[in-house]
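Everything on this sheet refers to the single structure shown next.
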Amino acid sequence: MAKTFQVDVVSPEATVWSGKAVIVIARTPEGELGIMADHEPLMATCATGPVEIEAESGERTTIGVHGGFIQVVNNQVTLITDRAEVAESHAQAKETAQRLAAEDAEADDEA
Amino acid sequence: MASAQLRDTRRRIKSVEATKKITRAMELIAASRIPRAQARVHGSKPYTEKLIEVIENVGAADSGGSHKLLERRDPSRVGLLIVSSDRGLAGAYSSTIIRLAETRAADLEKEGKDVLIYAIGKKALSYFRYRGYHIEQAYLGVTDTPGYGNARALGNRVMEDYAVERIDALEAFYTKFESAMTQVPTHQELLPITPPDLEDDEKAVRVSYGFEPSPEEILNRLLPTYVEAIIFNMLLEASASEHNARRRAMKAATDNAEELIKSLTVQANRARQAEITTAIAEIVGGAEALVES
C-alpha cells in the first residue's frame, strides 16, 4: 500500500477537505503538479482549476479551486484557497473553478 | 359599564402585548442567526491559522527583502476601521465600539495626526459624520452576513490607500466574539502588518523550500491575502457579536414587557374591583333607602 500523507484544503469559509491521501494533483501557473508522500518541501501559488485528491480509501475527490497557495512540508499538504468547492467530476470541477473565478471578478467589480 | 381608568389600563395592556410580540419575534430571529454566525467564525479559523503558518515559513525562508505592507513609517495620517451595526435595537453593541474608537480618535488628533474613518455599518457612519470626522469610506449592509467578497473589497481599498500613502497606519475596532456570554470590544493594529511571531523557533522549522515562483512574489501575494483573512475574521466575529447583542437586548425588552403587563393587569383588576364595590354599595344604599321609607 502506498504511503499516505495529511492533506487539508481550507477556504475562508470552511475546511473543504481534510484527511489522509495517497496523491494530490494540483495546478500551478507553471503546470500540473502531482504530489505523493515524501515530496520535497514546496511552496507554490495555485492556478484556477481542478485539484484531484486520491484518499487513503482509494476514493477520488475533485475540487474546483480559484486562487491560493499550496504548501508541502513534512508530508503535510496544505491548500489555502480563496474559493473552493467539491465537484463530482474532473470536467465539472473545471467549470466550478471557472464559475468561482467569474464570481470573484464580479465581486471585485462591485467593490 | 367600565370606568375610564379601567378602559385606559386595558388599552395599555393590549399595546404592551403587541410590543412584546414584536420584541419576542426579534429575539427569536437574532437567536436563530447566532449558531450560523458562530459556525462561520469557527469555520474561518483553520484558514487563518494555516495562512499564518505559511507566512511564518515563507518569512523564515525569505532572504529578508522588505515588503511595503510590512514597512513601518512615522504615521501622520491614521485610518480607523470601525465595525458597527446597520440597525439599532442591539443594546449597547454599536455605542460601545464607537466610544472606544472615538477615544482613540481624540487621542490621535491631540497628537496632531489626521484621522480617516472607514465606517462599517450605518451607526458608525452617522455618528462620526455628525461629529465632523472625515469619513474616507463607508460600507453598509455587510454586517449581517459578511461574505469573503466584502472583506476582499475592504482589504483592497485600505491596502491601496496604504500603498499610495493616503494612510500611514490602520487600526481596527470590532467586537470580538469570545463566547455566547462575553463579547469584547477590541482594538487591533492592521497596517503595517505585524509579522506573525517569528521567534517561535520550535515550530518554524527552517526548511529549504522549493518556491514556485520566487519567495518574494509569493510573499507579495500572501500578505494581502493575510490582511483580507484578518478583516474577514473580524467581520465574522463582529457579526456574531451583533446577533448576540441583539438577542440579549430583545430578551430584556420582552422580559420588561412581561413585567409591565403583570403590573398593569393588577392595576386593571383593582380598578374593576373598585367599580364593583361602588356598584354594590349603591345597590345596598338604594335598598336600604326603600326599607326605611
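Quick look at the numbers
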item: A:78, A:28 arranged by Cβ crowding within 10 Å, fewest neighbours leading; result: A:28, A:78
item: Set of lysines near residue B:14 by C-alpha distance (under 18 Å), chain-local residues within fewer than 8 positions excluded; result: B:262
item: Between region B:220-268 and region B:73-116, the alpha-carbon center distance in angstrom; result: 20 Å
item: Highest-MSF residue in chain A out of A:33, A:100, A:79 [GNM, Cα springs under 10 Å]; result: A:33
item: Distance between modelled label sites at residue B:208 and residue B:12, nm, 7 Å Cα→Cβ extension; result: 8.4 nm
item: Computed FRET value (nearest 0.05) for residue B:71 with residue A:40, which takes r as the C-beta separation and R₀ as 35 Å; result: 0.60
item: For A:75-82, mean number of other protein chain Cβ atoms within 10 Å; result: 3
item: Reciprocal mean inverse distance between Cα atoms of the protein assembly as shown - Kirkwood radius, Å; result: 24.9 Å
item: Modelled label reach - residue A:20, point 7 Å along Cα→Cβ, region A:53-73 residues with backbone N closer than 15 Å; result: A:54-59
item: FRET efficiency estimate (nearest 0.05) - Cβ-Cβ, residue B:144 to residue B:272, R0 56 angstrom; result: 0.75
item: Where N is the number of residues in region B:35-181, Cα Rg divided by 2.2 N^0.38 Å; result: 1.15
item: Value of D in µm² per second that Stokes-Einstein yields for chain A, Kirkwood Rh from Cα pairs, at 4 °C (1.567 mPa s); result: 93 µm²/s
item: Highest to lowest packing among A:37-48, B:264-275, A:66-77, scored as the average C-beta count within 10 Å; result: A:66-77, A:37-48, B:264-275
item: All Cα pairs of region A:47-111, percent lying beyond 20 Å; result: 32 percent
item: Quotient of C-alpha Rg and 2.2 N^0.38 Å, computed over chain B; result: 1.54
item: Where Rh is the Kirkwood radius over Cα pairs, Rg/Rh for region B:208-271; result: 1.62
item: Where Rh is the Kirkwood radius over Cα pairs, Rg/Rh for region B:56-126; result: 1.17
item: Loop-located trypsin sites (Lys or Arg not before Pro) in region A:38-107 whose Cβ has at most 14 other Cβ within 10 Å (DSSP); result: none
item: Mean Kyte hydropathy of -0.5 or more with a Cα span along the axis of at least 18 Å, helices from DSSP in chain B; result: B:4-61, B:93-110, B:215-292
item: Spatially proximal aspartates and glutamates relative to residue A:94 (Cα-Cα < 18 Å; intrachain offsets below 8 disregarded); result: A:30, A:32, A:52, A:54, A:82, A:85, A:103, A:104
item: Descending semi-axes in Å of region B:135-293, equivalent ellipsoid built from Cα gyration tensor; result: 70, 17, 11
item: Contour excess over end-to-end distance, with Cα ends at residue B:292 and residue B:259 and 0.36 nm allotted per residue; result: 6.9 nm
item: Residue mean of other protein chain beta carbons inside 10 Å, B:44-53; result: 6
item: Residue pairs, from the table B:68/B:113; A:20/B:45; B:20/B:122; B:123/B:176; A:20/B:50, whose Cα atoms sit over 23 Å apart; result: B:20/B:122
item: Average beta-carbon neighbours from other chains, 10 Å sphere, peptide A:38-45; result: 6
item: Taking A:22, A:7 and counting other C-beta atoms within 10 Å, the order from fewest to most; result: A:22, A:7
item: Two-site label geometry, residue A:103 and residue B:113: point separation in nm, points 7 Å out along Cα→Cβ; result: 3.8 nm
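Readers should treat all values here as calculations from the given coordinates under stated rules, not as data from a laboratory. Quick caveat: nothing in here was measured; it's all calculated off a predicted structure. In this analysis, Cβ positions are derived from the backbone assuming ideal geometry, glycine residues included, and neighbour counts consider all displayed protein chains.
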